[in-house]
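Notes to accompany the following structure.
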Amino acid sequence: MATLYDTLGVPAHATDDEIKRAYRKAAMKWHPDRNHGAEDVARAAFQEIKDAYAILSDAGQRKVYDTVYAEQMREWEAQHTRRQRAQAEREAAARAADEAVYAEMVSIAIRFADQGHNRDVLFGVLLGRQCEAQRAAQIADSVAALQAARRDEADAAQPVPRASKSAQRAQAAEAGADEPELEETAQETSAASKASKRTADQAEEQAAAHDTPHSKRANHARRDESASDVHPASALGNLWFQFLNGLKF
């Protein structure tokens, strides 16, 4: 808000001499005779300068002007402050509403992304919720990228355990497949060992029987007979035979 002091280019506390010098300087600058080709603009500016000097050069009028101007300035400043405050409140409310809508759109996009839908589906869902196309594309791109990053982080965080479990399952499957073969191999080895032992025992007996002299075989037979004589049943038989012989004599 321009004042009479601003028109003359002096401060509000300027002296009468300062006001007079400022008026002369401004009048010479904006005199119509000195502004050829812009006489209308110069004439209007020159008239404002004359009016300002007429009021400020008079002590009574200057006092009234300062009083009225001060009141007007206070009122103007209060109105300006109220307008600025109201404008700030409206802008804050608009930002809050816009942020709430944006947060809701992001929440919807995240919910559909968690269900496994891709970026194009997210974009279509947001358009269906009356979301502006550019904002819908921005949200869909951001949420899809976020979900992809989360999946990558999850995959990177669990590669070793999954590989270890897979290897364990593969080893268990191989071990289960090899157990019957190992049992069959063990049984076959045991049977072969027993057969080999029996064959060796038979060969040893045959060799012993073939190499024994005839006298040894006879002595062996006599030993068998002597052993049978020693038997109690054989001894009773001999006594009975002797008794019968005694009766005959």
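Rule-based calculations on the coordinates, nothing more; no lab input. Predicted model only: the values in this text are computed from it and were never measured. Cβ sites come from the backbone with ideal geometry, for glycine too, and all protein chains shown count toward neighbours.
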- Query: For q = 0.20, 0.21, 0.23 Å⁻¹, what log10 I(q)/I(0) does the stretch 95-155 give under the Debye formula with an equal point scatterer on each alpha carbon and no solvent?
  - Reply: -0.68, -0.74, -0.85
- Global geometry of the stretch 85-129, whether rounded, prolate or oblate, following the gyration tensor of its Cα atoms and the 1.5 cut on a/c: prolate
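Quick one: net charge around I19, please, counting Lys, Arg +1 and Asp, Glu -1 for every other residue with C-beta under 15 Å from its C-beta. Write down the numbers at each step before the final one.
On the way: positive: K20, R21, R24, K25, K50, R62, K63; negative: D6, D16, D17, E18, E48, D51, D58, D66.
Combined, the nearby Lys, Arg, Asp and Glu give -1.
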- Query: Hey, what's the per residue convex hull volume over the C-alpha atoms of the stretch 4-88, in cubic angstrom?
  - Reply: 111
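What does the charge count around D33 come to, taking other residues whose C-beta lies under 13 Å from its C-beta (Lys +1, Arg +1, Asp -1, Glu -1)?
On the way: positive: K29, R34, R43; negative: E39.
With Lys, Arg at +1 and Asp, Glu at -1, the neighbours total +2.
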- Query: What list of ³J(HN,Hα) values in whole Hz, one per residue of the stretch 146-155 in order, does the Karplus curve 6.51 cos²θ - 1.76 cosθ + 1.60 (θ = phi - 60°) give from phi, with Gly and Pro shown as x?
  - Reply: 5, 5, 5, 5, 5, 5, 4, 5, 5, 5
